[in-house]
Amino acid sequence: MNITQLFNIANVFVLPFWALMIFLPKWKVTKQVMESYIPFVPLAAAYLYLFISSITPENAQALSNPQLADIAKFFADEKAAATGWIHFLVMDLFVGRYIYLQGQKTGVFTIHSLALCLFAGPLGLLSHIFTYWIAKKFFLASESEIEEVEPKTVSST
């Protein structure tokens, strides 16, 4: 498999997880999938492969004390750029998962933050932080109300 194929597969691989969180957040399957770390294993493995294969002694030395010009030179290489992009995919999905799980736990609306996170990870996180603060201040009565949003199950035993 070449770098372009790996890059394309990684881009497509994350989409079902984002679709589940954004379009089917209450579905039992979405909750099970997103509570797991399994979505991150293939991406992290692809990242590890690309990271190991893109680091040369020269790159390692230049990146050990990074200067902007050195980083720009490093990412000019296609393999390094793919490595960086998969890093973004993994971290954005991880942050999206955090936003999703917090929304499920607290009942705070997350669709806008997840959509932002899909396209610009840190902006999605910032959106979620502001949304949570606003919801907590104006719409949620107390911390105890936040914890009680999760459905309680009754044991039949």
Could you report the chain's accessible area per residue, 1.4 Å probe, as an integer in Å²?
65 Å²
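Mind ranking 98-106, 3-11 by how tightly packed they are, going by the mean number of other C-beta atoms within 10 angstrom, highest first? Walk me through the numbers before you get to the answer.
On the way: 98-106: 19.1, 3-11: 14.3.
Put in order of decreasing packing, that is 98-106, 3-11.
Tally up the carbon and sulfur contribution to the accessible surface of the chain as a whole percent, 1.4 Å probe, everything protein left in place. Each step should come with its number before you reach the end.
On the way: 7060 of 10210 Å².
Looking at the chain in its full context, I get 69 percent from C and S.
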Quickly rank 43-56, 62-75 as a protection proxy: mean count of other C-beta atoms within 10 Å, highest first.
43-56, 62-75
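For the chain, what does the helix formula give at 222 nm: sum of -39500 (n - 2.57) over DSSP H segments with n ≥ 4, over the residue count, nearest 500 deg cm²/dmol?
Details: 9 runs with 121 residues, N = 157.
Helices in the chain give a 222 nm mean residue ellipticity of -24500 deg cm²/dmol.
To the nearest 20 Debye, how big is the dipole of the chain about its Cα centre, given +1 on the beta carbon of each Lys and Arg and -1 on that of each Asp and Glu? Don't jump to the answer; show the numbers that get you there.
Working: 10 positive and 11 negative charges, 75 e Å.
Using only the charged Cβ atoms, the result is roughly 360 debye.
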In this model, which of 31/79; 31/136; 31/137 are farther than 25 Å apart at the alpha-carbon?
31/79; 31/137
With r as the distance between the Cβ atoms of residue 130 and residue 79 and R0 = 41 Å, compute the FRET efficiency 1/(1 + (r/R0)^6) and round to 0.05.
0.65
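What trypsin sites (Lys or Arg not before Pro) does region 1-64 have in DSSP loop regions with at most 14 other beta carbons within 10 Å?
Filter output for region 1-64: 26.
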List the lysines whose Cα sits under 19 Å from the Cα of residue 28, skipping any in the same chain fewer than 8 residues away.
105, 152
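The values are calculated or read from the model by the stated rules, or taken from the named source; none is laboratory data. Not measured: the values here are computed from a predicted model. Positions of Cβ are generated from backbone atoms using ideal geometry, with glycine treated the same way; all protein chains shown enter the neighbour counts. Note: areas computed on protein heavy atoms with side chains; ligands, DNA, RNA excluded. Shrake-Rupley method; radii C 1.70, N 1.55, O 1.52, S 1.80 Å.
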